[in-house]
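A.B. asks: Before we start, here is the structure in question, set down as structure tokens.
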Amino acid sequence: KGFKSYALCWTVLLALFNLICFAAPAEWYGFNKFGGAFWAGYACITLAFAGQLVCAYSALRAGNAKKLFYRLPLITVSYAGLILTLVFGGLCMAVPDVPNWAGILVCAVVLAFTAVAVIKASAAADIVERADGKIEAQTRFIKNLAAETGMLATRAGSEEAKAVCREVYEAVRYSDPVSDAALSETEGRIAAQLDALKAAVHACDEDKIKAAAGEMLSLIKERNAKCRALK
């Protein structure tokens, strides 16, 4: 929906640009449509419009707000490039004495500068997205563990069992969220102990709840110590 509105505005602006170039009488603004660097400037500006639309489409097709935020520089950089192209391309079109080769060189420099800036913005967005994906994968274990232990604290039957489960939840909540391959064995034991704690809560066996919770707290403490050692 956002791109449709953006494309509509883009179409209006491109149509206005062409109207100014071809519909108005040449004597009104002094353009020489058949000499100088008029066509070089026109082609450059048209390419800049097309490139800006492609950048906007790439940014606005993001699947969520975070990805859109990372790709906003594609819009702003390409928009700034379009403005620069309008200025320099417009000068090439407006000044009759500018040689065609000079207009081509000036417009090519502006387009190249814009293209490099857009490529850098796109690469930066990709790097940040990949880093986000890696962090999400590394923190998934603790997030899931916190959700599971938080639900156990509400499902436990007695107040004493609730207090024990809350203690486990708090230990998980304040643990280092980032996992590592070196922690896989310890985290596997924590997951197995979580299953035991779930079974104990389901059976309302307070002795087993305390035993499973105590073992989980010990394993969480061990994991956190290993996390500090890996920093």
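A.B. asks: Given an 8 Å cut-off on Cα distances and at least 6 residues of separation, report the relative contact order of the stretch 62-147 as a percent.
C.D. replies: Working: 36 pairs, mean separation 34.8, N = 86.
The value is 41 percent.
A.B. asks: Pop a pseudo-label 7 angstrom from the Cα along the beta-carbon direction at both Trp39 and Ala123 and give the gap in nm to one decimal.
C.D. replies: 3.5
A.B. asks: Using Cα pairs under 8 angstrom and six or more residues apart, how large is the relative contact order of the stretch 105-231, in percent?
C.D. replies: On the way: 94 pairs, mean separation 30.4, N = 127.
Once normalised by length, the contact order is 24 percent.
A.B. asks: What number comes out for accessible area per residue over the stretch 1-155 if the probe is 1.4 Å? Units Å², please.
C.D. replies: Each residue of the stretch 1-155 exposes 59 Å² on average to a 1.4 Å probe.
A.B. asks: Further question: If I ignore ligands, DNA and RNA and count only protein heavy atoms, how much of Val109 is accessible to a 1.4 Å probe, in Å² to the nearest 10?
C.D. replies: Counting only protein heavy atoms, the figure is 100 Å².
A.B. asks: Counting only Cα atoms, I'd like the Rg/Rh figure for the chain, Kirkwood definition for Rh.
C.D. replies: Across the chain, the Cα-based Rg/Rh ratio is 1.36.
A.B. asks: Also, I was wondering about something else. Treating the beta-carbon of each Lys and Arg as +1 and of each Asp and Glu as -1, no other charges, what is the dipole magnitude of the chain about its Cα centre, to the nearest 20 debye?
C.D. replies: With only Lys, Arg, Asp and Glu charged at Cβ, the dipole is about 300 debye.
A.B. asks: I need to check one value: relative contact order of the chain, counting alpha carbon pairs closer than 8 Å and at least 6 residues apart, in percent.
C.D. replies: Result for the chain is 17 percent.
A.B. asks: Can you send over the solvent-accessible area of Met151, 1.4 Å probe, protein chains only, in Å² to the nearest 10?
C.D. replies: 80
A.B. asks: Next question. Ignoring solvent entirely, what values of log10 I(q)/I(0) come out of the Debye formula for the stretch 49-170 at 0.12, 0.13, 0.16, 0.22 Å⁻¹ when each Cα is a single scatterer?
C.D. replies: Scattering profile of the stretch 49-170, log10 relative to I(0): -0.64, -0.69, -0.83, -1.11.
A.B. asks: How many percent of the accessible area of the chain is carbon or sulfur, using a 1.4 Å probe?
C.D. replies: Working: 8980 of 13430 Å².
Percent of accessible area from carbon and sulfur atoms in the chain: 67.
A.B. asks: Rounded to the nearest whole Å², what accessible area per residue is found for the stretch 179-228 with the 1.4 Å probe? Write down the numbers at each step before the final one.
C.D. replies: Numbers: 2620 Å² over 50 residues.
Value returned for the stretch 179-228: 52 Å² of accessible area per residue.
A.B. asks: Taking the 0 to 90 degree range and rounding to the nearest ten, how far is the long axis of helix 65-94 tilted relative to the main principal axis of the chain, both from C-alpha atoms?
C.D. replies: Tilt relative to the chain: about 10 degrees.
A.B. asks: Could I ask something else about it? Looking at the chain, which Cys residues are left with no other cysteine's beta carbon under 4.7 Å from theirs?
C.D. replies: Isolated Cys, the chain: Cys9, Cys21, Cys55, Cys92, Cys165, Cys204, Cys227.
A.B. asks: Give me the dipole magnitude in Debye, nearest 20, for the stretch 133-205 about the Cα centre, with unit charges on the beta carbon: positive for Lys and Arg, negative for Asp and Glu.
C.D. replies: Details: 9 positive and 12 negative charges, 48 e Å.
So the magnitude is around 220 debye.
A.B. asks: Per-residue ellipticity at 222 nm for the chain, helices alone: DSSP H runs ≥ 4 residues times -39500 (n - 2.57), over residue total, nearest 500 deg cm²/dmol?
C.D. replies: After summing the helix terms and dividing by residue count, I get -29000 deg cm²/dmol.
A.B. asks: Evaluate the Debye formula for the stretch 93-149 with equal point scatterers sitting on the alpha carbons, no solvent, and hand back log10 of I(q)/I(0) at q = 0.14, 0.22, 0.27, 0.30 Å⁻¹, in q order, two decimals.
C.D. replies: Normalising to I(0) and taking log10 leaves -0.62, -0.86, -0.99, -1.05.
The values are calculated or read from the model by the stated rules, or taken from the named source; none is laboratory data. Owing to the predicted nature of the structure, the values given are computational and were not obtained by experimental measurement. Cβ sites come from the backbone with ideal geometry, for glycine too, and all protein chains shown count toward neighbours. To get the accessible areas, we keep the full protein, side chains included, count just its heavy atoms, and leave off ligands, DNA and RNA. Shrake-Rupley method; radii C 1.70, N 1.55, O 1.52, S 1.80 Å.
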